[in-house]
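Working notes for the structure below.
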Amino acid sequence: MSHRSLLLGTAAALALFAGPALAEGPTIKIGLAASLTGDFAPYSEAEGARCMADQLNKAAGPDDPKIEILIEDSRSDAQLSVSLGQKFLDEKAQVIAGVPFPDALIPMSQMAASYGATVYSAPNTQVEMHEVGLDNFIAGAVPDPMNAAAGAEAVFAAGGRNAVILTSEDGASWSAKTPEWFGEALEKQGGKVVGKLAYSFGTTDWSPQIAEIKAIAEKPDVVYVCGPVPDVGILVRQLRSNGFDGIVAGCDGFDDPSLEETVGNPAYLDKVIFATHGVMGDGGRIDQFIAACKAAGYKVNGIFDALGADMVQVVYDAAKASGSDDPVKLREAIRASDGSKTVMSDNLSFKEKGAYPVKTIPVIGFKDGKRVVIVDAVPAFVPYLQ
């Protein structure tokens with residue numbers, strides 16, 4: 001046998017031994033212009049997204065999708081979010097997200113449309129995002145009217161009847177309209193809005209609003225606000241210090257682990273009620289995920305990291321179902337799916353609404369300074385969306 005024949009025979013044997021080349025799954029890039037610093041840093045989903053991507057990539061087979069998370073600090077600034085979104089699109093990200101408010105997400109969605117890319121905001125709740133006809137936008141959370149309605153049902157069941165609502169234009173409809181939807185849902189059950197006051201994000205002295213609350217003729221037994229920590233925690237503390245012993249109610253902005261520290265006195269947490277995205281503290285999947293991420297070195301904070309994890313799981317499942325890294329096919333697969341089993345849900349599905357999920361809304365209260373679940377259900381009456 002010639003030397004050349006020997007080489008050819010050896011090569012053929014090696015090729016036969018190696019078998020066919022292994023298939024390689026799609027790589028999906030998710031670009032997050034995340035609020036690593038600034039006013040909305042407590043509500044960043046970035047660490048949860050990173051942790052889930054790491055878990056999925058480590059468990060993936062050779063032909064499964066791979067998730068690459070691109071993260072830049074938006075500094076909680078809408079315009080910077082838009083600029084970073086463009087950077088991610090230039091890096092061929094199929095999915096991007098920014099500050100979870102319309103002034104960032106609407107221009108990002110319009111910009112991403114020409115790339116076929118999806119803007120998937122894990123914590124976004126504003127109705128504006130579903131009113132402007134954006135085909136490439138997906139929110140990981142239910143809209144604010146549903147959150148407000150769930151809170152109103154729990155407050156009414158706890159005996160709250162006369163409410164003062166505090167509104168701010170700083171967080172778009174999240175802080176401006178959610179309190180009004182709460183009031184509408186409360187009145188539907190037989191309660192009443194007896195006052196409406198304004199405030200701005202960053203308020204540390206609530207004495208003007210508290211003085212007005214005290215002056216209302218129909219004594220309020222509920223104060224409702226949808227805003228960020230530490231603002232809302234300071235409000236609770238100052239209301240209690242000034243003798244208000246009624247219900248202080250709010251939205252998902254209360255769901256920050258630093259709320260209790262900001263309020264200070266555990267007794268002040270009595271009759272604090274807020275609606276949020278998922279249940280923590282019961283040892284379930286969310287707690288287990290957060291614990292595993294912390295053990296792996298991720299600086300996860302709470303429920304918003306779980307929302308980020310769910311986003312990654314949904315995108316991963318869609319990539320696996322479509323077998324493609326094409327951004328349009330990826331979005332179509334998300335909306336065609338019957339649902340994903342995620343950190344927060346047994347079946348998170350966008351099939352019904354397209355742009356947001358339909359799911360139960362937990363309402364949290366406090367007992368002896370510890371968080372407890374009051375109810376976890378879909379509210380019967382939802383204002384604005386009905």
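The values are calculated or read from the model by the stated rules, or taken from the named source; none is laboratory data. Since this is a predicted model, take the numbers as computed values, not measurements. Every residue, glycine as well, gets a Cβ built from its backbone with ideal geometry; the counts of neighbours run over all protein chains shown. Keep in mind that these areas ignore ligands, DNA and RNA; they rest on the heavy atoms of the full protein, side chains included. Shrake-Rupley method; radii C 1.70, N 1.55, O 1.52, S 1.80 Å.
Per-structure values
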read-out	value
Where residue 277 falls short, out of the listed (1) in contact (Cβ under 8 Å) with a residue 60 or more places away in the chain; (2) over 16 Å from the mean Cα position of the chain (by Cα)	(2)
Residue count, the range 51-79 (criterion: assigned to a helix (DSSP H, G or I) and open to solvent by 40 Å² or more (accessible area, probe 1.4 Å))	6
Cross-chain or 6+ apart pairs with Cβ under 6 Å, the range 332-353 first and free of Cβ contacts under 8 Å to residues at least 12 places away in the same chain, then open to solvent by less than 40 Å² (accessible area, probe 1.4 Å)	347/339
Some residue of the range 268-290 being farther than 23 Å from residue 52 by Cα and in a helix (DSSP H, G or I)	yes
Residue within the range 31-41 that is within 18 Å of the chain's Cα centre (by Cα), buried (at least 18 other Cβ atoms within 10 Å of the Cβ) and farther than 24 Å from residue 278 by Cβ present	yes
Candidate set from the range 198-213 (those that are within 27 Å of the chain's Cα centre (by Cα) and within 17 Å of residue 163 (Cβ to Cβ)); member that is least open to solvent (accessible area, probe 1.4 Å)	199
Output for the range 291-321, where each listed residue is assigned to a helix (DSSP H, G or I) and without any contact (Cβ under 8 Å) to a residue 24 or more places away in the chain	291, 294, 295, 317, 318, 321
Qualifying positions in the range 106-138 - open to solvent by 40 Å² or more (accessible area, probe 1.4 Å) and either within 18 Å of residue 43 (Cβ to Cβ) or of a type in the set (S, T, N, Q) (or both)	110, 114, 128
Top-ranked residue in the range 247-266 [being part of a loop (DSSP other than H, G, I, E, B) and open to solvent by 10 Å² or more (accessible area, probe 1.4 Å); ranked as modelled with the lowest pLDDT]	257
Pairs with Cβ under 7 Å, 6+ apart, first in the range 361-372 and at positive phi and open to solvent by less than 20 Å² (accessible area, probe 1.4 Å), second part of a strand (DSSP E or B) and among the β-branched types (Val, Ile, Thr)	none
Members of the range 288-343 that are charged (D, E, K, R) and open to solvent by less than 20 Å² (accessible area, probe 1.4 Å)	305, 310
Qualifying residue in the range 222-240 (condition: surrounded by fewer than 22 Cβ atoms within 10 Å (Cβ to Cβ) and farther than 25 Å from residue 372 by Cβ)	no
Count - residues of the range 152-193 that are of a type in the set (A, V, I, L, M) and surrounded by fewer than 23 Cβ atoms within 10 Å (Cβ to Cβ)	5
Given (1) over 20 Å from the mean Cα position of the chain (by Cα); (2) within 15 Å of residue 28 (Cβ to Cβ); (3) not hydroxyl-bearing (Ser, Thr, Tyr), index of the condition residue 58 fails	(2)
